[in-house]
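Structure first, then comments.
The values are calculated or read from the model by the stated rules, or taken from the named source; none is laboratory data. In this text, all values refer to a predicted model and were calculated from it rather than measured experimentally. FYI the Cβ positions are ideal-geometry reconstructions off the backbone, even for glycines, and counts take in every protein chain you see. Only protein heavy atoms, including side chains, enter the accessible area calculation; ligands, DNA and RNA are left aside. Shrake-Rupley method; radii C 1.70, N 1.55, O 1.52, S 1.80 Å.
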Amino acid sequence: MNQSSLCFPDGQKSCFRCCPPVRAPGYDHYPHRLFLARELRDNTSRYDPADFSLKPITGFNCWALGYLDRKFKLVGCLLHPVQNGGRDLRGRIDYGHKCAREFCQEASIFDQLTADHRQFWLGLAEALDSFQYSSNLINPMFRVLNFGPGVLSAVAAHSGPESMADRELISTYPFLSMAAWPRSCAFLVEQIISGYGVPFLAGPEGLELINGLMNHLQTSLAAFLSPKRSSGRPYVHQLSLDRSLADFFRFGLNVSCLSQTEADTLGLQVRRLTAEWLSLPSNEQQVKSNEQPIMSNE
Ligand code: SF4
Ligand code: SF4
């Protein structure tokens with residue numbers, strides 16, 4: 001059985017968010033949808049599969065992005081090997097090696113889910129067309145997937161294999177649309193799930209629990225961390241660490257570089273403080289979250 005991918009999820013829509021791979025920072029296709037739809041039709045009708053000449057992209061749109069089906073639902077690369085009998089023609093735009101390499105973090109996380117859990121989370125994007133699906137502004141999957149495979153698998157398993165995620169799931173679990181970037185707190189969400197289970201994440205209380213724990217750790221570790229923000233040490237993502245813990249150091253604690261020993265020590269402290277805080281009654285958690293730094297730099 002063919003597994004769905006984030007790029008081509010269900011035969012009804014496709015993603016072209018990363019085309020072309022060189023884009024203006026923060027660029028999103030969706031606000032330009034009408035213009036783009038016209039351009040895609042032109043690209044598709046002008047495309048000559050017998051032409052192999054080099055034709056570099058000018059500007060931010062690629063002349064090889066077009067419709068892949070007669071109903072104009074699927075948008076994708078006309079030069080991709082799948083469209084050309086196995087021959088990769090993406091080099092024709094002059095930075096084709098970048099196209100071949102392009103695989104976003106969210107697609108890689110999606111690939112780590114089981115087939116059932118992929119189907120579950122695709123429910124968030126079920127009603128979207130290719131333009132909406134390819135948009136960071138519209139498609140919630142590009143945010144939610146950043147909680148990582150551990151959190152996503154646990155929520156999907158808790159919800160049951162028959163169900164599908166939908167917009168209601170986001171109102172049941174408001175943390176899924178929290179203001180903080182998911183990678184900053186995925187580790188904390190994992191800790192809550194492993195200590196208490198998915199139901200503790202439900203409602204505004206779940207969101208408060210995550211924010212309270214984040215405040216507590218940031219405050220408690222402030223004195224320990226401040227001298228370690230200097231460079232000269234390896235990036236935390238190059239160390240032997242769980243991905244979500246490295247993300248928490250970098251995005252939650254704002255520490256990008258640590259030695260392996262410092263990272264191991266910090267990881268132990270984070271786990272200990274987390275376990276202690278989660279074992280407190282909620283009123284004491286609140287008090288702790290507002291306390292001044294408690295950890296020395298010894
Ligand atoms: S942005 Fe990600 S999901 Fe979309 S086409 Fe590129 S690799 Fe696939
Ligand atoms: S050549 Fe294909 S993959 Fe590369 S930017 Fe153009 S449409 Fe996208």
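List of remarks:
- Residues that are over 20 Å from LEU245 (Cα atoms) and part of a helix (DSSP H, G or I), drawn from the stretch 269-284: SER282, ASN283, GLU284
- First in the stretch 246-259 and in the same structural domain as HIS216 (by TED's automatic domain parsing), second anywhere and aromatic (Phe, Trp, Tyr) and buried (at least 19 other Cβ atoms within 10 Å of the Cβ), Cβ under 9 Å, 6 or more apart: ALA246/PHE187; ASP247/PHE187; PHE248/PHE187; PHE249/PHE187; GLY252/PHE187; VAL255/PHE249; SER256/PHE249; LEU258/PHE249
- When residues of the stretch 84-101 are limited to those that are open to solvent by 70 Å² or more (accessible area, probe 1.4 Å) and in a loop (DSSP other than H, G, I, E, B), the one farthest from ligand 2 (Cβ to nearest atom): GLY85
- Qualifying positions in the stretch 151-196 - among the β-branched types (Val, Ile, Thr) and open to solvent by 40 Å² or more (accessible area, probe 1.4 Å): THR172
- Check on PRO199, touching a residue at least 40 places away in the same chain (Cβ under 8 Å) and open to solvent by 10 Å² or more (accessible area, probe 1.4 Å): yes
- PHE72 being surrounded by fewer than 16 Cβ atoms within 10 Å (Cβ to Cβ), over 26 Å from the mean Cα position of the chain (by Cα) and either under 23 Å from GLN12 (Cβ atoms) or assigned by TED's automatic domain parsing to the domain that holds SER45 (or both): yes
- LEU113 in a helix (DSSP H, G or I) and modelled with pLDDT of 90 or more: no
- Residue check, LEU54 within 15 Å of ligand 1 (Cβ to nearest atom), part of a loop (DSSP other than H, G, I, E, B) and touching a helix residue (DSSP H, G or I) at 6+ places or on another chain (Cβ under 9 Å): no
- The numbered conditions (1) modelled with pLDDT of 90 or more; (2) part of a loop (DSSP other than H, G, I, E, B); (3) away from ligand 1 (no atom under 16 Å from the Cβ) are all true for LYS73 except (3).
- Those residues of the stretch 1-26 which are closer than 14 Å to ASP129 by Cα and more than 7 Å from ligand 1 (Cβ to nearest atom), in sequence order: PHE8, PRO9, ASP10, GLY11, GLN12, LYS13, SER14
- Test: residue in the stretch 63-71 that is more than 10 Å from ligand 2 (Cβ to nearest atom), touching a residue at least 40 places away in the same chain (Cβ under 8 Å), in contact with a helix residue (DSSP H, G or I) (Cβ under 8 Å, 6 or more places away or on another chain) and among the aromatic types (Phe, Trp, Tyr): no
- The single condition among (1) under 22 Å from the mean Cα position of the chain (by Cα); (2) of a type in the set (Ser, Thr, Tyr); (3) surrounded by fewer than 19 Cβ atoms within 10 Å (Cβ to Cβ) that THR219 does not meet is (1).
- Listed by position, the helices (runs of 4 or more DSSP H) inside the stretch 136-242 whose residues that are in the same structural domain as GLY252 (by TED's automatic domain parsing) and among the aliphatic types (A, V, I, L, M) number at least 3 are 182-196, 203-225.
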